[in-house]
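Engineer: Following this message is one structure expressed as structure tokens.
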Amino acid sequence: MNKINYTHLIDEADVYSVAKKSPLNHALIISSKLNNKILLKREDMQRTFSFKVRGAINKINQLNKEDLKNGVVCSSAGNHAQGVALASQIHKTQAFIVMPQTTPSIKIDAVKSLGANVILYGDNYDEAFKKAKELEKEKSLIFIHPFDDPHVIAGQGTIAKEILEEVDENIDAIFVPIGGGGLISGIAAYIKEKRSEINIIGVEPEDSASMKIALEKGKPIKLDHVGIFADGVAVKKVGDETFKICKKHLDEIITVNTDQICAAIQSIYEDTRTIVEPAGALSIAGITKYVARNQCSKKTFVGINCGANVNFDRLRHIAERSAIGKQSEIILAVEIDEKPGSFKKFCKSIGKRNITEFNYRYNNDRFARVFVGVSLGGNPNERSEIINQINNSGYKVFDLSENEMAKLHIRHMVGGRASINNEHLFRFEFPERPGALLEFLDSIGNDWNISLFHYRNHGSDFGRILTGIQASSEQMNQLNEYLSKLGYRYWEETSNPAYTMFLA
């Protein structure tokens, strides 16, 4: 097989019948906070609010009328779908788009508005992919791969060409979100050929780091589960071609958590007044983590702002988590005396700081427990200083800032303590769709007594449940075996201090 010349493919790529040369903005506020020059490549300003239109149109432009007579098909969580739908509309051919049932409605509606045939199937990209491949054979369609295709990769690589055309100064690194690897492959192949001194750094969510794991294992590995908060990069297995390119050209991969992504969304909003989707904020989350880790300054970094297709109702969750991601809030559980004046005394121990949240629950005649959020300033040592200050005032304090269960559930449940025999606490995550909660309850069945239940919908794409289930020590093996067969991601939280302090 001949080696693919990606530089040539990218130079020859025809994307501008649909795509535009997106702005490369100097993010002044982010730059000031990080003490480095941050340039944002604004792919969120494409017609479909995502870079994916570049690869889709470049691929479809390679096909002739005979190829396109029956139409094209693709599988996508949304952004690639819009690109294929728009490119197909321009070429006046049918497009069949298979999307997971968990896809945000804003993306589904956008694809339908472009005249494509939308088929909702499965809970994730991999299930939608299998369905799309079935349709390819049944209807004799042309499959447009979202990332593992040379012409798709080349289309995305035109972003790198534009960056080099626009920036005269030295660029130290380009930070690129990774899903299946098409975007970073195109950028890396072009940059390393033209300007090899520029570092190419990929950014993945911690719970969807399929390329990082592939590079560590030496081949693409299919993950058992991927997180679905950043749905645009929720890919269980990267492409064979994109893996080869990344193995050759990537300098590093950084992983970030949900709180860091939410903080990056807020940072981009404060700089641009634009709300990006979680995948679109990965590059800024990665830059922020990189700068903090390496203590670098006066460098020039480019971040690819790759998409802005976010459901409005997800903003509640994003806003809730961004303060912790920016390390501008600390969440604590504290025991105080159960007597008049204790609350005032505790507040004095914190000092003149902004209280962001305060939940109180009577525990017994001797002491009470409070769940409290405290606003932080820019001092990196402030978190430990606050904890030490409270400890030195004679209080027992627990830092819950990194406690996922506390952030998702407990802060909304303080006030309901009970003494229940043989209660075991479990946290579940499942793809959200109509009837999903009922499906979950049906799966749990009637064999176990549910002693606690808290459900939260996070913007129509995934739901989270905290539930107490009664089971004796003799029944625990049976219960664990049962839960493992349900097919939902779950964690046991019985020993979580947030549970023992506020609910048990």
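The values are calculated or read from the model by the stated rules, or taken from the named source; none is laboratory data. The model shown is predicted, which means the values in this text are computed figures rather than measured ones. Counting neighbours? That spans all protein chains shown, and the Cβs are built from the backbone with ideal geometry, glycine included.
Engineer: Of everything in region 364-389 that's among the β-branched types (Val, Ile, Thr) and surrounded by 20 or more Cβ atoms within 10 Å (Cβ to Cβ), which residue is nearest to GLN327 (Cα to Cα)? Spell out the reasoning first.
Structural biologist: Step one: of region 364-389, the residues among the β-branched types (Val, Ile, Thr) are 370, 372, 374, 386-387.
When the remaining residues are screened for being surrounded by 20 or more Cβ atoms within 10 Å (Cβ to Cβ), the result is 370, 372, 374, 386.
Values: VAL370: 21, VAL372: 15, VAL374: 11, ILE386: 13 Å.
Looking at the filtered set, the residue picked out is VAL374.
Engineer: Could you list, in sequence order, all residues of region 262-286 that are polar (S, T, N, Q) and buried (at least 24 other Cβ atoms within 10 Å of the Cβ)?
Structural biologist: SER267, SER283
Engineer: Okay, next question. If you go through region 101-111 one residue at a time, do you hit one that is at pLDDT 95 or above, buried (at least 24 other Cβ atoms within 10 Å of the Cβ) and not assigned by TED's automatic domain parsing to the domain that holds VAL176?
Structural biologist: To start, the set of residues in region 101-111 that are at pLDDT 95 or above comprises none.
Checked against the condition, which is being at pLDDT 95 or above, buried (at least 24 other Cβ atoms within 10 Å of the Cβ) and not assigned by TED's automatic domain parsing to the domain that holds VAL176, region 101-111 yields no hits at all.
Engineer: Can you name the strands (runs of 3 or more DSSP E) wholly within region 1-119 that have at least 3 residues being closer than 23 Å to VAL238 by Cα? Full working, then the answer.
Structural biologist: Working: elements: 24-26, 37-42, 72-75, 95-99.
Of the strands (runs of 3 or more DSSP E) lying wholly inside region 1-119, those with at least 3 residues that are closer than 23 Å to VAL238 by Cα span 72-75, 95-99.
Engineer: Quick check: is even one residue across region 203-214 surrounded by fewer than 20 Cβ atoms within 10 Å (Cβ to Cβ) and either touching a residue at least 60 places away in the same chain (Cβ under 8 Å) or touching a Cys at 6+ places or on another chain (Cβ under 7 Å) (or both)?
Structural biologist: Going residue by residue through region 203-214, those that are surrounded by fewer than 20 Cβ atoms within 10 Å (Cβ to Cβ) are 206-207, 213.
So of that shortlist, the ones also either touching a residue at least 60 places away in the same chain (Cβ under 8 Å) or touching a Cys at 6+ places or on another chain (Cβ under 7 Å) (or both) come out as none.
Checked region 203-214: no residue is surrounded by fewer than 20 Cβ atoms within 10 Å (Cβ to Cβ) and either touching a residue at least 60 places away in the same chain (Cβ under 8 Å) or touching a Cys at 6+ places or on another chain (Cβ under 7 Å) (or both).
Engineer: Sticking with this structure for a sec: So the check is Cβ under 8 Å with 6+ separation or different chains; which pairs have a first residue in region 163-187 that's at pLDDT below 95 and a second one that's assigned to a strand (DSSP E or B) and not hydroxyl-bearing (Ser, Thr, Tyr)?
Structural biologist: Correct list of pairs: GLU166/LEU24; VAL167/LEU24; VAL167/LEU39; VAL167/VAL302.
Engineer: Still on this structure, I have one more. I need the full set of residues from region 252-271 which are touching a residue at least 12 places away in the same chain (Cβ under 8 Å) and within 21 Å of LYS107 (Cβ to Cβ), in order please.
Structural biologist: In the first step, residues of region 252-271 are kept if they are touching a residue at least 12 places away in the same chain (Cβ under 8 Å); the result is 252-268, 270-271.
Result: THR258, ILE261, CYS262, ALA264, ILE265, ILE268.
Engineer: Separate question: Determine which single condition LEU9 fails, assuming it passes every other condition in (1) out of contact with any strand residue (DSSP E or B) (no Cβ under 7 Å at 6 or more places or on another chain); (2) without any contact (Cβ under 8 Å) to a residue 12 or more places away in the chain.
Structural biologist: (2)
Engineer: For GLN82, all conditions in the list (1) in contact (Cβ under 8 Å) with a residue 60 or more places away in the chain; (2) not assigned by TED's automatic domain parsing to the domain that holds LYS139 hold save one; what is the number of the exception?
Structural biologist: (2)
Engineer: Any idea which of GLY468, GLY463 is within 30 Å of THR103 (Cα to Cα) and at pLDDT 75 or above? Explain how you work it out, then say what you get.
Structural biologist: Numbers: GLY463 fails: at pLDDT 75 or above.
GLY468 is the lone residue from the list that is within 30 Å of THR103 (Cα to Cα) and at pLDDT 75 or above.
Engineer: Another question, if that's okay. Restricting attention to helices (runs of 4 or more DSSP H) lying wholly within region 122-215, give those where 1 or more residues are closer than 22 Å to LEU9 by Cα.
Structural biologist: Numbers: elements: 125-139, 150-166, 182-194.
Those helices (runs of 4 or more DSSP H) span 150-166, 182-194.
Engineer: Restricting attention to region 287-311, which residues are modelled with pLDDT of 95 or more, of a type in the set (Gly, Ala, Ser) and surrounded by 19 or more Cβ atoms within 10 Å (Cβ to Cβ)?
Structural biologist: The one that is modelled with pLDDT of 95 or more, of a type in the set (Gly, Ala, Ser) and surrounded by 19 or more Cβ atoms within 10 Å (Cβ to Cβ): GLY303.
Engineer: List the residue pairs whose Cβ atoms are under 6 Å apart, where the first residue sits in region 272-288 and is closer than 13 Å to ASN79 by Cβ and assigned to a helix (DSSP H, G or I), the second is small (Gly, Ala, Ser) and at pLDDT below 95, and the two are 6 or more positions apart or on different chains.
Structural biologist: Filtered contacts from region 272-288: PRO278/ALA230; ALA279/ALA230; ALA279/GLY232; ALA279/GLY307; GLY280/GLY307; GLY280/ALA308.
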